[in-house]
Amino acid sequence: ERRLAESAAGRGRFLLLAGEAGIGKSRFMAAVETKARGADFQTAAGFLAPQDLDVPAASLLDMARSMTRLVPWADLGRKLLELVDVTVAAPQPGRRALVLKAVDLIVGALEGPTVLSFDDLQWADNLSLEILTELARATRDRPLLIVGAYRTDELAPGALLREWRARLL
């Protein structure tokens, strides 16, 4: 509730949940989304599966696909899907600019308090994590709460998420 209030006041927050499978991370995230909708926040979510480790920007793709089915998010969802297609085909140097463009699209679409949720980040690819990092940086003064969750018991010793989490902290 405190993080939602801070976000509603225009102080962007990132809430990262970690724990073993089955302890209630997803239920907690659903409760946050329910409270957020009750407080007139817009919400959107991206989910991952084990096979998504090989899919560039998989979490963004999943969120964008779900956005296309929601009236207030449909235009942003379509733009993000188009952008991800370009990002995947881009050479490494152009990739950074496209990450920033994705963040700009999301930030530009924020029309009031918003919660974006990303579950099962232990299966996130590097591009998804890079976009989340930039989104968190770009929304420190925006009404956005980013909620992410990952399973600590499914992280390999050299997992991308371990390094990413350390950089975030």
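At a Förster radius of 35 Å, what calculated FRET efficiency corresponds to the Cβ-Cβ distance of Ala138 and Ala21, to the nearest 0.05?
In this case the efficiency is close to 0.65.
Give me the one-decimal nm value for the distance between modelled label points at Arg37 and Asp54, 7 Å along each residue's Cα-to-Cβ direction.
In this crude spin-label approximation the distance works out to 3.5 nm.
Grab the DSSP H runs of the chain that are 4 residues or longer, score each as -39,500 (n - 2.57), total them, divide by all residues and round the 222 nm result to the nearest 500 deg cm²/dmol.
-16000 deg cm²/dmol
Expressed as a rounded percentage, what relative contact order does the chain have, with Cα pairs under 8 Å and six or more residues apart?
37 percent
Place +1 on the Cβ of every Lys and Arg and -1 on the Cβ of every Asp and Glu in the chain, take the dipole about the Cα centre, and give the residue among Ala9, Thr34, Leu160 whose Cα lies farthest towards its positive end.
Among Ala9, Thr34, Leu160, the one farthest towards the positive end of the dipole of the chain is Ala9.
Once Lys and Arg get +1 and Asp and Glu get -1 on their Cβ, which of Leu76, Leu135, Leu53 lies farthest toward the positive end of the dipole of the chain?
So the residue we want is Leu135.
Could you give the size of the charge dipole of the chain about its Cα centre, using +1 on the Cβ of each K and R and -1 on the Cβ of each D and E, expressed in debye and rounded to the nearest 20?
Magnitude of the dipole: close to 460 debye.
When the chain is treated as a GNM, springs tying every alpha-carbon pair under 10 Å, which of Gly24, Gly77, Gly148 comes out with the largest mean-square fluctuation?
Gly24
Quickly work out the Phe47-to-Asp104 label distance, labels modelled 7 Å from Cα along the C-beta direction, and quote it in nm with one decimal.
A separation of 3.3 nm, rounded to one decimal place.
If you average the C-alpha positions of the range 9-67 and of the range 119-161 separately, how far apart do those two centres end up, in angstrom?
Centre-to-centre distance over Cα atoms comes out at 10 Å.
When the solvent-accessible surface of protein heavy atoms is calculated with a 1.4 angstrom probe, in what order do Asp75, Asp119 fall, highest first?
Asp75, Asp119
Probe of 1.4 angstrom, ligands and nucleic acids ignored: what's the accessible area per residue over the range 1-68, in square angstrom?
The answer is 53 Å² per residue.
For Arg65 and Glu6 in the same chain, what is the full-extension length gain: residue separation times 0.36 nm, less their Cα-Cα distance, in nm?
Going from the current span to full extension adds 18.4 nm.
Using Cα springs under 10 Å in a Gaussian network model of the chain, which residue among Ala124, Ala18, Ala31 shows the largest mean-square fluctuation?
Ala31
What figure in square angstrom, to the nearest 10, would you give for the accessible area of Trp123 with a 1.4 Å probe?
30 Å²
Among Val147, Val86, Val103, which one moves the most in a GNM of the chain with springs linking Cα atoms closer than 10 Å?
Sorting by GNM fluctuation, first place goes to Val86.
Please find the FRET efficiency linking Glu82 to Glu163, where r is the Cβ-Cβ separation and R0 is fixed at 45 Å, and quote it to the nearest 0.05.
It comes to 0.95.
The values are calculated or read from the model by the stated rules, or taken from the named source; none is laboratory data. Because the structure is predicted, anything quoted here is derived from the model rather than measured. Heads up, the Cβs are rebuilt from the backbone with ideal geometry, glycines too, and the neighbour counts pull from every protein chain shown. We work out accessible area using only protein heavy atoms, side chains counted, and drop any ligands, DNA or RNA first. Shrake-Rupley method; radii C 1.70, N 1.55, O 1.52, S 1.80 Å.
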